[in-house]
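Structure first, then comments.
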Amino acid sequence: MFVRWALLLVLGLVSWATAKSSTGDSVLVILEPNLDKDNFSIFFDGLREKGYDLTFRSPKDTHPPVLEHEHAQFSHVILFAPETKIFASDITPQSLVTLLSKNTNLLIALSPKQTPLTSLAPEFSLVLPPPGTPLISHFPERDTPATVIPVNVSSSSPILTQGLAPVWFSGIPFSLQNNPLLVPILNAADKGGEGLWAGSQLGLVTGFHALGGPRVTWVGGVDIFSDEYIQKEVAKGVESGNEQFIADVAAWTFQESLALRIDSVSHRRLNETEPRETYTTNDQLVFSTHISKYNPETAAWEPYSGIDDLQLEFTMLDPHIRTSLPPVPGTPGEYSVTFRAPDRHGVFKFVINHKRKGWTHLQSSTVVPVVPPRHDEYPRFLSAAWPYYVGAISTSLGFFLFSALWLAGDDRESKKTKGSKTE
Amino acid sequence: MYSLRPLFWLLLAVAAVQASVLSLQSPRFTILSSSAEQLRSEPLSVTQKPAPLTLGASDALKLTFQVLDKDEGKGVQPHQTFLRFYDEISGEEGIQPVRVTSGGKAKFELNMARPPASIPPTSAGIPLKVELIIGSFVHSPLKVELFELFLPESHPAPQHPDEASFHPLPPIHHTFRPEQKLPPRIISAVSAVLVLAPWVVLVGLWGHIRPSVPYLLSPSILPFIVTLGAFETLLVWYWVDLKLGQVLLYGGILSVFAALAGRQALATKGDLRVGRK
């Protein structure tokens, strides 16, 4: 009896663990020996509290490996090895890209020194400055060295909490090339830089949403995660926004926030309930889909009706129809649209291809044949055919009346000499 | 960066003692046309911006100033001197470093015939705000808004080919074939009535002849007439509703009755004729 109550209590406490990732909880932290784990205790303890399992290892160790027998061993990898020049054989730039293809999320910190990661960054459309050029800004006037910079956080990124205090940063900026998969998170202030490496178009913390789902975040310096920067004040009595900032960045990278998925997709004709194998041209089709968003607090996928620019394409080689797919009021998570199938017959696809910066890419494609009408699906009785109907019916009627008259009548030979009867 | 730390702390100590202030001495701008003719030349005031400058496609802008330490009055060479060109509407920005001599003298030239890569893309009618940003390890930093600059319109910044798919795409509507057009119903109705014209003649002639039907209800004739009527009804029913299989089935059953009744009726008719004769 007591054991059962104790077990229930323990289970109850366990279920209090919050904010787990939607893709797994195992995190490998590759920490270089120069950096002390305790300097990042606030960040790592924050991750542990959320429910992640952290495993630490140095860049030169081979155990635990990130990839074993072509399987990713961890759901997420944090690379705090900004100055290590030689990595173990399982962390090469190629193996990191392989990890991405296995849907592992990465959080990578860089430094002004040149490392193997410096050659990986351009693959993500980031241009790094020459080695040895950290970001230097003399604005705003402050007591810290010019390389430790408080950066204002823009309020427009959906990844970060609103109203964050400026964030202490130290490290390198990178120039963002023209790739729409890049998700800028923190850009340099407009008043700092070194030579041409200056201005607010430079990124300091930039995310990259790889095709297929995994997220990579590149951070210009590892100090932004350190306890020292978290506890440093930006202004008199104003705490820095570092703690919340790095928690938000980790939440986005580890697929907690802004994670969407399509639960189901269905199609049918307007006045029916079940989907059909084939549809006819000019049919009224109803397409609906259910979309959920991951809620890290309850660790569950909840229906989400907040996408207001979802679009549906009805495609055969090229989109024939593109309409918006609005949410259905009253049913959370459901989006539905009714439209008329095109005049052309062929094999069409219902395509949803929704990509927005920072959010998971929603992609779905359902193939459906559209056939021309069968011989008995055309309009049956046309007004232009009335004369023909009348003619045919009157022929039948005439035959019947004549037969009846002939069968029922008698020859009038006895009365008159005329032989045949009516025509 | 780690090896420069002690130097930074030293400079920090120096700066903390006395954060001296920078100032600009005799800032001046000149706009030259392509034939080196001076179009506009004015001194710049730090407190009041001049009227917005306009550069044509072949003009050049020359900017000169000297950076001084305000207290000592001597020229200094600051660590960072930038000109920032900023488009407020689009948010595009370009930073151009300016070379400053050790005596603090600075000269900057912008030739529109060969514009530097740091100028951001411009749109027609929207000026660039030009600011001077000076950062120094030993002085307080200085930011001065210089003037607004109208440049000729440039090509827009190139976009990645996939960029459009990250925004809502324009809707596509399918143009359907127009509905099949039928002639007006009045015409069909009038034609239907015209088709009935021969009945007028027939009924008229029957009325004239007045045929008699004495054997209509006789039990040997009537069944056949009824089956004939049933066949006609079946045909109309087929036209409206039935499928071929059903009509063949019903027709088959009915044809048995029709055959029997028909034999009876025609035999009777034959007898009648023979009987008469």
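The values are calculated or read from the model by the stated rules, or taken from the named source; none is laboratory data. None of these values were measured; they are calculated from a predicted model. Heads up, the Cβs are rebuilt from the backbone with ideal geometry, glycines too, and the neighbour counts pull from every protein chain shown. To get the accessible areas, we keep the full protein, side chains included, count just its heavy atoms, and leave off ligands, DNA and RNA. Shrake-Rupley method; radii C 1.70, N 1.55, O 1.52, S 1.80 Å.
Numbers below:
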quantity: Length-normalised contact order for chain A - Cα pairs under 8 Å, 6+ apart - percent; calculated: 12 percent
quantity: Loop-exposed chymotrypsin sites (Phe, Trp or Tyr not before Pro) per DSSP, neighbour cap 13 Cβ within 10 angstrom, longest uninterrupted part of chain B; calculated: B:3-175
quantity: Convex hull (Cα only) mean projected area of the protein assembly as shown, reported in nm² to one decimal; calculated: 58.0 nm²
quantity: Distance between modelled label sites at A:Leu401 and B:Leu205, nm, 7 Å Cα→Cβ extension; calculated: 1.2 nm
quantity: Long-range amide H partners of B:Leu146 with built H, under 5 Å; calculated: B:Val130, B:Glu131, B:Leu132
quantity: Pair A:Asn282, B:Val236: separation of 7 Å Cα→Cβ label points (nm); calculated: 3.0 nm
quantity: Hits among aspartates and glutamates - C-alpha to C-alpha of B:Lys143 under 13 Å, sequence gap 8 or more where chains match; calculated: A:Glu141, A:Asp190, B:Glu131
quantity: Sites excluded, chymotrypsin sites (Phe, Trp or Tyr not before Pro) in DSSP loops with at most 11 other C-beta within 10 Å, longest stretch of chain A; calculated: A:17-380
quantity: Sites B:Ser165 and A:Ser324, calculated FRET efficiency, Cβ-Cβ separation with R0 25 Å, nearest 0.05; calculated: 0.95
quantity: GNM top mover of A:Ala341, A:Ala251, A:Ala385 - chain A, alpha-carbon springs below 10 Å; calculated: A:Ala385
quantity: Carbon and sulfur %, accessible surface of chain B computed with the full protein complex present, 1.4 Å; calculated: 63 percent
quantity: Buried accessible area, chains A and B (both chains, 1.4 Å probe, Å² to nearest 100); calculated: 6800 Å²
quantity: Sulfur and carbon atoms: percent of accessible area, chain A [1.4 Å]; calculated: 55 percent
quantity: At most 10 other Cβ within 10 Å, DSSP loop - trypsin sites (Lys or Arg not before Pro), the stretch B:115-201; calculated: B:Lys181
quantity: Rel. contact order, % - alpha carbon contacts under 8 angstrom, at least six apart, chain B; calculated: 15 percent
quantity: Bridge type composition, chain A - antiparallel percent by DSSP, nearest 5; calculated: 75 percent
quantity: Calculated FRET value between B:Lys143 and A:Arg344, using beta carbons and R₀ = 60 Å, to 0.05; calculated: 0.45
quantity: Rg over Rh [alpha-carbon atoms, Kirkwood Rh] for chain B; calculated: 1.77
quantity: A:Ala384/A:Thr298 FRET efficiency (R0 56 Å; Cβ-Cβ; nearest 0.05); calculated: 0.30
quantity: In the stretch B:59-108, the GluC sites (Glu not before Pro) that fall in loop regions by DSSP, at most 12 other Cβ within 10 Å; calculated: B:Glu72, B:Glu88
quantity: Per residue accessible area in Å² of the stretch B:185-267, where ligands, DNA and RNA are left out and the probe is 1.4 Å; calculated: 68 Å²
quantity: Simple label model, 7 Å out from Cα along Cβ direction - B:Leu182 to A:Asp45, nm; calculated: 8.2 nm
quantity: Normalised alpha carbon radius of gyration of the stretch B:185-267 [divisor 2.2 N^0.38 Å]; calculated: 1.48
quantity: Whole-angstrom gap from the stretch A:83-122 to the stretch B:200-277, using each part's C-alpha centre; calculated: 96 Å
quantity: Amide H contacts under 5 Å for A:Ile321, placed H, 5+ residues apart; calculated: A:Phe314
quantity: As computed over the stretch B:20-153, the Cα convex hull volume per residue (Å³); calculated: 107 Å³
